[in-house]
Amino acid sequence: MKIIIVGGVAGGATASARIRRNDESAEIVMIERGPYISFANCGLPYHISGMIAERDQLLVTSEEAFEERYRVDVRSRTEAVSINRKAKTLRLRNLTTGEEYDESYDKLLLSPGAEPIRPKLPGIDSTRVFGLRNIPDLDRIMKHLEEHNPRRAVVIGGGFIGVEVAENLHDKGIFTTLVEGADQILTPLDYEMAAIVHSHMKDKNVELYLSEKVEQFEDKEDHTIVFLDSGRRLQADLVVLAIGVRPETTLARESGLELGETGGIKVSNFLQTSDDSIYAVGDAIEITHSIGGYQALIPLAGPANRQGRMAADNMIFGNQQLYRGTQGTSILKAFDLAAATTGLNEKQLNKAGIPFLSCITHSGSHASYFPGAKQISLKLLFKQDGTILGAQAVGADGADKRIDVIATAIQGNLKVHDLAELELAYAPPFGSAKDPINIAGYVGINVLNQSHELIEWKTLHQHLENKDDVQVIDVRTSEEFGFGSIATAKNIDVNQLREHLDELDKGKPIILFCQIGLRGYLAYRILKQSGFTQIKNLSGGYKTYSWAVDKQANPDIFDYEDIKLRDPDEIEAERMGSCAVSAAMVAPNSTGEVHAINAVGLQCPGPIMKTYKAMEALDEGELLEVTASDPAFGRDIRAWAKKTGHELLSVKAEKGLIVVLLRKVASTPVPSATDLKNKDKLTLVVFSDDLDKVMASMIIANGALAMGNPVSLFFTFWGLDVIRREDAPHLKKPMMDKMFSTMLPSDADHLTSISKMDMHGLGAKMIRKVMHDKGVETPGNLLRSLVDGGAQLIACQMSMDVMGIQKEELIEGVEIGGVAAFLAEASESGTTLFI
Ligand code: FAD
């Protein structure tokens with residue numbers, strides 16, 4: 001039998017070797033367009049940083065070695081250009097000589113992979129814009145790195161490859177920006193799980209842009225400008241495009257093979273195409289999702305290799321092996337974290353219309369008392385009957401093992417109840433007597449039998465935004481509460497809850513939360529057995545909530561001109577997060593003595609509590625270095641230092657640990673308003689909707705922003721008209737509110753009055769015409785540039801209530817606040833104006 005295989009890497013090379021092992025007499029020809037077969041595409045990003053030191057380590061085998069061992073006729077630099085299915089021949093083109101010829105086959109296997117998506121954006125052909133799919137792509141990037149020594153890179157696309165490339169460019173010492181069009185990176189993860197990775201990347205000083213799409217590139221003499229749809233422009237010495245792949249189906253399509261609904265080559269469960277003599281595997285095919293049951297594209301190396309082996313068997317022995325479908329188990333190293341998933345996530349389940357329950361747990365990778373334990377955040381999704389639908393794990397250690405166990409449990413049809421019973425290897429350095437998987441099982445069982453009702457972070461968030469009448473109770477200690485909590489929460493420590501039951505209203509829903517969910521569960525059980533009925537516990541606790549509601553991106557952290565001009569050594573120190581800590585800088589205010597404490601293995605709030613106690617024992621000016629493994633510690637310590645007034649000198653994230661350096665500042669820690677005052681900050685109270693006054697406030701605010709000053713605008717009473725949306729939805733309102741709505745201007749561009757010479761509205765029209773003729777921006781445009789420029793817009797809650805204006809009627813990006821919000825802004829500002 002003569003078999004031709006198109007594609008000589010994951011699926012193709014595996015199939016060739018397997019066919020030979022099955023049949024010594026088969027004639028096997030393997031066609032590969034590129035110069036190398038069987039290279040490690042998954043390892044490509046790691047050569048950029050030097051983690052995989054030698055390029056040749058990526059070449060798993062050579063053409064000669066493969067031919068010698070398997071007696072396969074390997075033809076690299078050869079392209080399969082068309083299939084004559086009737087004659088059973090394949091037209092091949094030698095890419096070195098240009099010669100074309102036909103090769104006959106009895107059976108043909110297509111494993112042509114996927115092609116990177118490269119939209120036709122203006123400027124995309126720039127020599128500074130790269131992709132990464134194969135060795136020649138990598139060679140091009142390495143050559144650019146060597147010849148141009150870039151300092152600023154922009155990676156476009158926050159999928160697995162984009163994040164890996166960003167990490168390796170960053171590790172190479174390049175200031176790296178990651179731009180993602182969606183509101184989160186790594187879409188196989190749900191939002192709150194991806195938020196952990198966002199936070200970690202920010203700690204690593206990677207600049208992250210979310211919900212931003214690239215529109216074009218423009219080459220300048222020594223850099224390229226990347227234009228984002230928000231109007232932002234990023235300067236880069238190197239751009240890597242990783243916005244996804246699509247199945248490589250040209251050959252299949254042009255020869256009339258059937259394609260599936262997703263655009264991949266359609267195959268049967270035996271991996272046979274619509275032509276019995278042709279099989280197909282890998283990234284190019286459409287598979288059935290083994291849990292969702294729907295058709296999907298899942299371009300991963302594991303499935304491609306398994307399919308290659310299976311198709312080889314079916315081609316030689318006849319169709320015997322059925323492909324079970326792909327469940328999408330995958331893992332990625334994102335700096336010090338691993339992010340792993342299996343099965344379906346929340347978005348996919350919703351899309352497929354599959355009802356599900358979920359729980360989030362945070363556990364240690366091994367016993368907390370044994371050094372080096374790291375946190376694993378684990379999300380489990382399951383059906384009401386306990387069937388496991390999917391799981392996601394993020395952590396610096398042990399996430400891989402947990403996801404692999406759950407992936408295996410899914411294949412073995414184990415249920416949530418079985419996870420609780422799994423007997424997993426345990427000794428303190430490796431795990432816990434209650435493994436994170438057992439714990440997820442326990443929580444899942446409690447959810448299923450309704451002995452514990454959970455509420456997700458986003459549902460709680462909606463309750464708070466809608467001002468629903470719920471009692472939110474923080475059952476952590478008063479110290480933890482003091483370091484930050486949910487705005488409307490009341491603090492009742494779980495240990496004192498029994499004594500404070502009379503402070504809770506049995507007639508109103510109660511939402512409990514603690515740090516990770518455990519104490520919330522204990523509180524839940526106390527309340528349940530005390531006759532309370534409407535209780536829910538926050539899934540994943542405050543930890544998940546605060547990660548998810550935190551600002552996810554960190555745009556504009558790099559000043560490109562500055563990066564270009566300054567001493568590279570100094571910037572390098574800054575990039576590593578150690579900028580402020582040279583001995584000379586620390587000396588003036590301190591004794592120079594550094595005390596160190598180890599908070600590794602402690603779950604939050606352990607590290608903060610330990611820091612607090614250690615700080616109490618220090619004298620003013622002394623330094624404290626804290627090492628912690630809780631990934632939220634980087635963010636928590638910033639809030640803590642701000643609140644207590646101690647000086648945060650550096651935050652470094654290395655190998656799953658957060659190391660911070662603090663200086664004790666004063667014995668009365670809470671900083672006064674004057675200490676906090678930023679003389680450059682401008683706060684404007686916009687009270688009026690007179691066009692001239694609004695223009696004045698918009699122009700001043702835009703001017704301040706342009707000078708790099710922080711700006712807050714507080715819109716109250718008639719000023720609220722400025723931030724109304726013209727396309728506001730129709731809302732049910734009482735009669736009086738409706739009247740107000742119709743009488744007031746619909747948005748900033750339809751203001752009807754001016755403060756002088758109003759002439760029943762004629763004055764406003766005249767001014768608008770003059771502004772137009774003289775090229776002055778409209779109030780609407782000025783407002784948009786304030787939002788884009790990062791100004792903080794606050795709408796006065798009381799005025800909204802009085803005027804019957806609802807949040808949905810306001811433009812995006814406006815926060816709702818009370819007088820306290822205004823006073824807080826004003827107290828931190830150097831200038832406050834009332835217009
Ligand atoms: P490929 O391995 O891509 O092989 C297809 C080959 O076919 C190509 O070499 C191509 O040149 C050749 N070809 C195409 N058309 C023709 C033609 N007409 N004639 C001749 N030859 C042709 N997956 C994971 O599971 N984990 C990871 O960590 C991971 N990391 C990755 C990192 C990078 C940078 C990349 C690019 C991919 C990564 N992947 C990862 C995906 C994984 O590599 C693919 O899923 C897998 O290689 C698919 O195997 P395949 O055989 O379908 O295609």
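Just a few scattered comments:
- Each principal axis of the Cα atoms in region 740-795 has its own extent, and those three values, largest first, are 36, 33, 17 angstrom.
- Length gained on full extension, residue 557 to residue 655, computed as 0.36 nm times the residue gap minus the Cα-Cα distance: 33.0 nm.
- Label-zone membership for region 179-213, site residue 639, 7 angstrom Cα→C-beta point, backbone N under 20 Å: 191-205
- Given R0 = 30 Å, the distance between the Cβ atoms of residue 798 and residue 478 translates into a calculated FRET efficiency of 0.50.
- Working note: Cα gyration tensor of region 276-428, eigenvalues times five, square-rooted, sorted largest first, giving semi-axes of 31, 18, 15 Å.
- Kirkwood-Stokes translational diffusion coefficient of region 273-324, alpha-carbon pairs, 37 °C, 0.692 mPa s, µm²/s: 282
- The magnitude of the dipole of the chain, with charges of +1 and -1 set on the Cβ of Lys/Arg and Asp/Glu and taken from the Cα centre, is near 1460 debye.
- Checked against a 23 Å cut-off, the cross-linked pairs 202/655; 213/347; 202/374; 333/458 give Cα-Cα distances beyond that limit for 333/458.
- Rounded to the nearest 5, the antiparallel percentage of DSSP beta bridges internal to region 699-829 is 10%.
- For a modelled paramagnetic label at residue 352, 7 Å from Cα along Cα-to-Cβ, the residues of region 376-410 in reach, with backbone nitrogen under 16 Å, are 380-392, 407-410.
- Cβ charges +1 (Lys, Arg) and -1 (Asp, Glu), total dipole of region 361-433, debye: 200
- Axis angle, to the nearest 10 degrees, between helix 762-773 and the longest C-alpha principal axis of the chain: 40 degrees.
- Set of aspartates and glutamates near residue 642 by C-alpha distance (under 18 Å), chain-local residues within fewer than 8 positions excluded: 203, 479, 480, 550, 616, 620, 622, 625, 675, 825, 828
- Sites residue 616 and residue 593, calculated FRET efficiency, Cβ-Cβ separation with R0 22 Å, nearest 0.05: 0.85
- For region 222-298, alpha-carbon Rg over 2.2 N^0.38 Å: 1.62
- Altogether, the Stokes-Einstein calculation at 37 °C and 0.692 mPa s, with the Kirkwood radius of region 201-253 over Cα pairs as Rh, returns a diffusion coefficient of 241 µm²/s.
- Rg to Rh quotient for region 175-218, alpha carbon positions, Kirkwood Rh: 1.00
- When region 1-63 is reduced to its Cα atoms, the Kirkwood hydrodynamic radius in Å: 12.8
- Two-site label geometry, residue 426 and residue 295: point separation in nm, points 7 Å out along Cα→Cβ: 4.7
- All lysines inside 27 Å of residue 86 as judged from Cα atoms, apart from same-chain residues fewer than 8 positions distant: 2, 107, 266
- For region 362-468, chymotrypsin sites (Phe, Trp or Tyr not before Pro) are listed when DSSP marks them as loop and at most 12 other Cβ atoms sit within 10 Å of their Cβ; the list is 369.
- Taking only Cα atoms of region 15-107, radius of gyration then Dmax in Å: 15.7, 49
- In this rough spin-label picture, where each label sits 7 Å from Cα along the Cβ direction, the residue 182-residue 77 distance is 4.0 nm.
- Converting the Cα gyration tensor eigenvalues of region 107-186 into ellipsoid dimensions via √(5λ) gives semi-axes, longest first, of 23, 17, 14 Å.
- Considering helices alone, the calculated mean residue ellipticity of the chain at 222 nm is -9500 deg cm²/dmol, with DSSP H runs of length four and up weighted by -39500 (n - 2.57) and normalised per residue.
- Fraction of antiparallel bridges per DSSP, region 91-204 only, in percent to nearest 5: 40
- Options 624, 685, 234, ranked by Cα towards positive dipole end of the chain, top entry (Cβ charges): 685
- Within the chain, all pairs of alpha-carbon atoms sorted by distance into 10 Å bins from zero give the percentages 2, 11, 18, 22, 21, 14, 8, 4, 1, 0.
- Cleavage-rule hits (trypsin sites (Lys or Arg not before Pro)) in region 58-112: DSSP loop, at most 11 neighbouring Cβ within 10 angstrom: 86
- Fraction of the pair-distance distribution of region 375-485 above 18 Å, Cα-Cα pairs, percent: 60
- Span per principal axis, largest first, for the Cα atoms of region 156-292 (Å): 53, 38, 29
- Across the chain, the mean sequence separation of Cα contacts (distance under 8 Å, 6 or more residues apart), normalised by length, yields a relative contact order of 8 percent.
- Computed over region 738-835, the Cα gyration tensor eigenvalues convert (square root of 5λ each) into semi-axes of 26, 19, 14 Å, ordered from largest to smallest.
- Distance-filtered residues of region 318-359 - backbone nitrogen under 18 Å, label point 7 angstrom along residue 458 Cα→Cβ: 344-359
- log10 of Debye I(q)/I(0), alpha-carbon scatterers only, for region 432-567 at 0.10 Å⁻¹: -0.40
- Rounded to 5, the percent of DSSP beta bridges in the chain classed as antiparallel: 50
- Distance between the modelled labels on residue 99 and residue 503, one decimal in nanometres: 8.8 nm (7 Å Cα→Cβ projection).
- Over the chain, accessible surface divided per residue gives 45 Å², non-protein components excluded, 1.4 Å probe.
- Annotation for region 740-818: trypsin sites (Lys or Arg not before Pro) lying in DSSP loop with at most 12 further Cβ atoms inside 10 Å of their Cβ are 756, 774.
- Overall dimensions of region 394-454 as given by Cα atoms, namely Rg and Dmax in Å: 12.1, 34
The values are calculated or read from the model by the stated rules, or taken from the named source; none is laboratory data. Given the structure is predicted, the values throughout are model-derived calculations rather than measurements. Counting neighbours? That spans all protein chains shown, and the Cβs are built from the backbone with ideal geometry, glycine included. Surface areas here come from the heavy atoms of the whole protein model, side chains and all, with no ligands, DNA or RNA. Shrake-Rupley method; radii C 1.70, N 1.55, O 1.52, S 1.80 Å.
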